[in-house]
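Participant: Let me give you the structure first, and then I'll get to my questions.
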Amino acid sequence: MENRKKGSKIIVAFFVAILLSLAISTFITSHMWESASIIIALRDMRKQIMLNRAIVLSPIIFFIELHFVVDINTLYTKIFRYRWILGGIVLVFLVINKYNGDSLACYNYIQPNFQTELGKPFIGEERYIRSDEYRVNSPSVLSSGKGENPYGQYTDIARGTKTVNGVYGVSARLGTVAQAPWKLVFLILPLEYAFSFYWYFPIILAFLVTIELFMIISRKNALVSTMGAFLVVSSAFWLWWSFPFIFIAGEASIICTYYLLESKVVWKKILFAIGFSLAFSNFVVNLYPAWQVPLGYLFLVIAIWVIREKWDEIKALNWKQWGIIIISILVSIGLIFSYFFDNIEYIQAIMQTAYPGDRRQSGGFSINKVFYYVQSLFYAYKDVGNASEAGVFFSFFPIPTLVAGYCWIKSKKKDWLVGGLLLISIPMLIYTTVGLPATIANITLLSYSMPERVVDIIGYIQIYFIVILMSRYAKKRKFSIGTASIIAIAVAGSAVFFSKQSYPEYLSGWSLLIMVCIISAGGIVLLSNFKRTISKIFCIGMIIISVITGIYIRPISKGLDTIYEKPVAQQIEKITKKDPDAKWIALDGTGNASFITMCGAKTINFVNFYPNMELWEKLDVNHNYQRIYNRYAHIDIDFVEGVTRFQEVSPDAIRIKLAYSDIEKTEVKYVFSQVPVESNEKIEFSEIYGEDGCWIYEVIYKSQG
């Protein structure tokens, strides 16, 4: 009888949630407070936005209502127990509704008068700083299915010439299984559904995988593990940096190794062996040494600790179990070689570039960045400039390192994990403060990173220390309240100092005061041995701070209307179907090149992941500018009289002043521009489309008669 009543309450709560979400979304969407008449407001309301806001709000409101219907301990116990199933349900919900978190709405500067109702995010706002996302990754993925060889090893859409497709795009080859197997969803689902899956699968998986790793480290402390996962995945670092999956690949490798050794059931061992093969190969082939090198040290330490923890299980393995392990390693090696084979042209080219191939460093002062956690909570709500570069983990640095070191020294039985983490922190701290001699930087491979990237990993290591301190070292933190207060306030003051040095006007006095109080209180908890209730409050508080930090960073959009519903996009698609071999140039900024690439145009100045040396050397026969264009580069092109010149705008961007007399060398047939383009005696631009600030010209070379 009691269960029936509870079930009835849950059903009522479900329908109330739907009604409340509709009411809230109606109120927000119709701007009733600005309208003289509710009837007029409802009539003019953007109904699709209202409906989609209601769809997203309904489960959130329902979850809140469950706190008043179901026992809270029971509720969270069930949620945690079925977290993987719930994660799958959330993913299906997002995919079915075609939601994504991309900032493609930044392209609404193109034909703004043709913006559809769902051409902008219905929750949140597009983030212009995420240019690598909407100008590089998404155009590469969306253009991979276009052209004569959809999802092939090569595409000629990007760069307007034969280009390796498996690094940034989608390639239906074995190498993609190593690099990003979820991309293969584009071979199965319609485009907008696949794009949604591609977008949200890594985030959900990251959260669940991070919980699992922290469950191992914290000895199955669910609350601490959940807190750690929030501190990682909902951090300003993670969400502004577009989910660097290499972190999760390393975590998943450790988890699969741990459970492969622990499990007694053969089919589970096989499952974890497959997981290890995928995760480890993913870590290796995501070629970004700036994070890969310091992360390699971190996960090596954890792997050594796992092997030591599971040494008895390792000694007890039989020949069948060793066979599973050996096969998983061989599969991983095979996947890695498949990726390198598929993408060898890219790898060889990028290694020989001026940027990033020729980049080497020996460190320098960058440790100030780790203290930006004092301000990172506000990035989504107040512009900080480059939030990606300023994004950090909310880490309380250096308190976790200091307390972990103190507890490790005082402990009679030394913890190998803590000792290893402290050991690898030393060269990283030196590298990011005074720097390392070039020889040592090369030997340790830190020269392949940059101090501002190693700082990110130092912040990441602090989260591991926090998890350890709040679980395994819960009773070993014995600083007095007085000493703890002095240290915590000093750390909060240091964070404010470095924040003010770099961003003097960013935070107001009240904001700084609030953050000093939060950092000081949290620091005191980490330093001292409080009762269990205080520790729970700390964990819940960190989860709340993480949610506030991350919940508004990424917008929520539906579908791809912002690109493909624009008349000019449809015109480009029409032209490319009729004239599929034609090459294009986009003028007036690198964003335009990305836009027409998504529409299937073979665009020579779409971002060059590796340089199109054959073309650039046609324009620079004396190799005067090779150092400039031999790089990963966003490319802006202007037509000029005189001679062609190359200019370096930034390490990853160049501008080409392309002489009219050299345009023919590019073999371009169509030009996209947002300003009228004038013909001259050498070349004629024949307008074939012009509408709402967008023009498409067919190029007619007068030298050809």
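Participant: Would region 565-574 turn up any residue that is assigned to a loop (DSSP other than H, G, I, E, B), in contact with an Asp or Glu (Cβ under 6 Å, 6 or more places away or on another chain) and farther than 30 Å from S494 by Cα?
Facilitator: Narrowing region 565-574 to residues assigned to a loop (DSSP other than H, G, I, E, B): 565-566.
Still in the list and also in contact with an Asp or Glu (Cβ under 6 Å, 6 or more places away or on another chain): none.
No, the conditions are met nowhere in region 565-574.
Participant: Being surrounded by 19 or more Cβ atoms within 10 Å (Cβ to Cβ), touching an Asp or Glu at 6+ places or on another chain (Cβ under 8 Å) and in contact (Cβ under 8 Å) with a residue 40 or more places away in the chain narrows it down to one of G559, G589, so name that one.
Facilitator: Details: G589 fails: surrounded by 19 or more Cβ atoms within 10 Å (Cβ to Cβ).
From the options G559, G589, the qualifying one is G559.
Participant: Just to be sure I understand, how many residues within region 634-651 are in contact (Cβ under 8 Å) with a residue 60 or more places away in the chain and either farther than 23 Å from N343 by Cβ or buried (at least 17 other Cβ atoms within 10 Å of the Cβ) (or both)?
Facilitator: First, pick out the residues of region 634-651 that are in contact (Cβ under 8 Å) with a residue 60 or more places away in the chain: 634, 651.
Adding the requirement that they be either farther than 23 Å from N343 by Cβ or buried (at least 17 other Cβ atoms within 10 Å of the Cβ) (or both) leaves 634.
Qualifying residue count for the region: 1.
Participant: Going by what's in this entry, would Q348 be described as exposed (fewer than 15 other Cβ atoms within 10 Å of the Cβ) and part of a helix (DSSP H, G or I)?
Facilitator: Working: exposed (fewer than 15 other Cβ atoms within 10 Å of the Cβ): yes; part of a helix (DSSP H, G or I): yes.
Judged against the criteria, Q348 is a match.
Participant: Quick check, is P121 closer than 26 Å to I24 by Cβ, assigned by TED's automatic domain parsing to the domain that holds A586 and crowded, with 21+ Cβ neighbours inside 10 Å?
Facilitator: Numbers: closer than 26 Å to I24 by Cβ: yes; assigned by TED's automatic domain parsing to the domain that holds A586: yes; crowded, with 21+ Cβ neighbours inside 10 Å: yes.
Against the criterion (closer than 26 Å to I24 by Cβ, assigned by TED's automatic domain parsing to the domain that holds A586 and crowded, with 21+ Cβ neighbours inside 10 Å), P121 qualifies.
Participant: Anything in region 607-642 that is among the hydrophobic types (A, V, I, L, M, F, W, C) and farther than 15 Å from R655 by Cβ? List them, or say none.
Facilitator: Going residue by residue through region 607-642, those that are among the hydrophobic types (A, V, I, L, M, F, W, C) are 607, 609, 613, 615-616, 619, 621, 628, 633, 635, 637, 639-640.
Within region 607-642, F609, M613, L615, V621 meet the criteria.
Participant: How about region 150-170: which of its residues are of a type outside the set (G, A, S) and assigned to a strand (DSSP E or B)? Spell out how you get there, then give the answer.
Facilitator: Going residue by residue through region 150-170, those that are of a type outside the set (G, A, S) are 150-151, 153-157, 159, 161-165, 167-168, 170.
Of everything in region 150-170, those that are of a type outside the set (G, A, S) and assigned to a strand (DSSP E or B) turn out to be Y154, T155, T163, V164.
Participant: So which residues in region 554-564 are in contact with a Cys (Cβ under 8 Å, 6 or more places away or on another chain) and either assigned to a loop (DSSP other than H, G, I, E, B) or among the hydrophobic types (A, V, I, L, M, F, W, C) (or both), if there are any at all? Walk me through how you get there before you give the answer.
Facilitator: Our first condition is that a residue be in contact with a Cys (Cβ under 8 Å, 6 or more places away or on another chain); within region 554-564, this holds for 563-564.
Of everything in region 554-564, just one residue is in contact with a Cys (Cβ under 8 Å, 6 or more places away or on another chain) and either assigned to a loop (DSSP other than H, G, I, E, B) or among the hydrophobic types (A, V, I, L, M, F, W, C) (or both), namely I563.
Participant: Something else now. Taking the conditions exactly as written (in contact with a helix residue (DSSP H, G or I) (Cβ under 7 Å, 6 or more places away or on another chain) and surrounded by fewer than 24 Cβ atoms within 10 Å (Cβ to Cβ)), does G420 satisfy them or not? Walk me through how you get there before you give the answer.
Facilitator: Numbers: in contact with a helix residue (DSSP H, G or I) (Cβ under 7 Å, 6 or more places away or on another chain): yes; surrounded by fewer than 24 Cβ atoms within 10 Å (Cβ to Cβ): yes.
In short, yes.
Participant: Additional query: Looking at region 189-204, is at least one residue in a loop (DSSP other than H, G, I, E, B), farther than 26 Å from R472 by Cα and over 20 Å from the mean Cα position of the chain (by Cα)? Spell out the reasoning first.
Facilitator: Just the residues of region 189-204 that are in a loop (DSSP other than H, G, I, E, B), to begin with: 189-190.
Those left that are additionally farther than 26 Å from R472 by Cα: 189-190.
From what is left, the residues that are over 20 Å from the mean Cα position of the chain (by Cα) are 189-190.
Looking through region 189-204, at least one residue is in a loop (DSSP other than H, G, I, E, B), farther than 26 Å from R472 by Cα and over 20 Å from the mean Cα position of the chain (by Cα).
Participant: Looking at region 399-417 only, could you name the residues that are polar (S, T, N, Q) and crowded, with 16+ Cβ neighbours inside 10 Å?
Facilitator: Kept after step one, since they are polar (S, T, N, Q), are these residues of region 399-417: 401, 411.
Result: T401, single match.
Participant: All but one of (1) modelled with pLDDT under 95; (2) in contact with an Asp or Glu (Cβ under 9 Å, 6 or more places away or on another chain) hold for V285, so report the exception by its number.
Facilitator: Condition (2) is where V285 drops out.
Participant: Same structure again: Pick from region 678-700 the residues that are in contact (Cβ under 8 Å) with a residue 60 or more places away in the chain and crowded, with 18+ Cβ neighbours inside 10 Å: which of them is farthest from the chain's Cα centre (by Cα)?
Facilitator: Taking the candidates together, the pick is I696.
Participant: Looking only at residues that are more than 19 Å from K220 (Cα to Cα) and without any contact (Cβ under 8 Å) to a residue 12 or more places away in the chain in region 69-84, which one is surrounded by the most Cβ atoms within 10 Å (Cβ to Cβ)? I'd like the intermediate steps shown before the answer.
Facilitator: Going residue by residue through region 69-84, those that are more than 19 Å from K220 (Cα to Cα) are 69-72.
Applying the additional criterion that residues be without any contact (Cβ under 8 Å) to a residue 12 or more places away in the chain yields 71-72.
Numbers: D71: 12, I72: 10.
Taking the candidates together, the pick is D71.
Conditions (1) under 17 Å from Y373 (Cα atoms); (2) touching a strand residue (DSSP E or B) at 6+ places or on another chain (Cβ under 6 Å); (3) at pLDDT below 95; (4) outside the structural domain of N221 (by TED's automatic domain parsing), marked per residue:
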{"position": "Q501", "(1), (2), (3), (4)": "yes, no, yes, no"}
{"position": "G509", "(1), (2), (3), (4)": "yes, no, yes, no"}
{"position": "L512", "(1), (2), (3), (4)": "yes, no, yes, no"}
{"position": "I519", "(1), (2), (3), (4)": "yes, no, no, no"}
{"position": "F530", "(1), (2), (3), (4)": "no, no, yes, no"}
{"position": "T533", "(1), (2), (3), (4)": "no, no, yes, no"}
{"position": "F538", "(1), (2), (3), (4)": "yes, no, no, no"}
{"position": "M542", "(1), (2), (3), (4)": "yes, no, no, no"}
{"position": "I545", "(1), (2), (3), (4)": "yes, no, no, no"}
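Participant: Same structure, new question: Since L619 meets every condition but one in (1) in contact with a strand residue (DSSP E or B) (Cβ under 6 Å, 6 or more places away or on another chain); (2) surrounded by 18 or more Cβ atoms within 10 Å (Cβ to Cβ); (3) without any contact (Cβ under 8 Å) to a residue 60 or more places away in the chain, which condition does it not meet?
Facilitator: (1)
Participant: What single numbered condition from (1) in contact with a Ser or Thr (Cβ under 6 Å, 6 or more places away or on another chain); (2) surrounded by fewer than 21 Cβ atoms within 10 Å (Cβ to Cβ) fails to hold for V266?
Facilitator: For V266, the exception is condition (1).
Participant: Inside region 417-434, can you point out the residues that are small (G, A, S) and in contact (Cβ under 8 Å) with a residue 24 or more places away in the chain? Spell out the reasoning first.
Facilitator: Initially, region 417-434 is screened for residues small (G, A, S), giving 419-420, 425.
Listed by number, the residues that qualify are G420, S425.
Participant: Where in region 261-319 are the helices (runs of 4 or more DSSP H), entirely inside, with at least 2 residues that are assigned by TED's automatic domain parsing to the domain that holds V455 and in contact with a Gly (Cβ under 8 Å, 6 or more places away or on another chain)?
Facilitator: Working: elements: 266-285, 289-309, 311-315.
Those helices (runs of 4 or more DSSP H) span 266-285, 289-309.
Here is a yes/no grid of residues against (1) touching a helix residue (DSSP H, G or I) at 6+ places or on another chain (Cβ under 8 Å); (2) closer than 30 Å to F497 by Cα; (3) without any contact (Cβ under 8 Å) to a residue 40 or more places away in the chain:
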| position | (1), (2), (3) |
| --- | --- |
| D342 | yes, no, no |
| T353 | no, no, no |
| Y373 | yes, yes, no |
| S376 | yes, yes, no |
| Y379 | yes, yes, no |
| I399 | yes, yes, no |
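Participant: How many residues does region 503-527 contain that are of a type in the set (G, A, S) and not in a helix (DSSP H, G or I)?
Facilitator: Looking only at region 503-527, we keep the residues that are of a type in the set (G, A, S), and these are 508-509, 511, 520-523.
Going one step further and asking which of them are not in a helix (DSSP H, G or I), we end up with 508.
Number of matching residues: 1.
Participant: Exactly one of these conditions fails for F606: (1) assigned to a loop (DSSP other than H, G, I, E, B); (2) out of contact with any helix residue (DSSP H, G or I) (no Cβ under 8 Å at 6 or more places or on another chain). Give me its number.
Facilitator: Among (1) assigned to a loop (DSSP other than H, G, I, E, B); (2) out of contact with any helix residue (DSSP H, G or I) (no Cβ under 8 Å at 6 or more places or on another chain), the lone unmet condition for F606 is (2).
Participant: Confirm whether L91 is farther than 21 Å from R130 by Cα, surrounded by 15 or more Cβ atoms within 10 Å (Cβ to Cβ) and either out of contact with any strand residue (DSSP E or B) (no Cβ under 9 Å at 6 or more places or on another chain) or not polar (S, T, N, Q) (or both). So that I can check it myself, show each step before the final result.
Facilitator: Numbers: farther than 21 Å from R130 by Cα: yes; surrounded by 15 or more Cβ atoms within 10 Å (Cβ to Cβ): yes; either out of contact with any strand residue (DSSP E or B) (no Cβ under 9 Å at 6 or more places or on another chain) or not polar (S, T, N, Q) (or both): yes.
Yes: the conditions hold for L91.
The values are calculated or read from the model by the stated rules, or taken from the named source; none is laboratory data. All of these numbers come straight from a predicted model, not from anything done at the bench. Cβ sites come from the backbone with ideal geometry, for glycine too, and all protein chains shown count toward neighbours.
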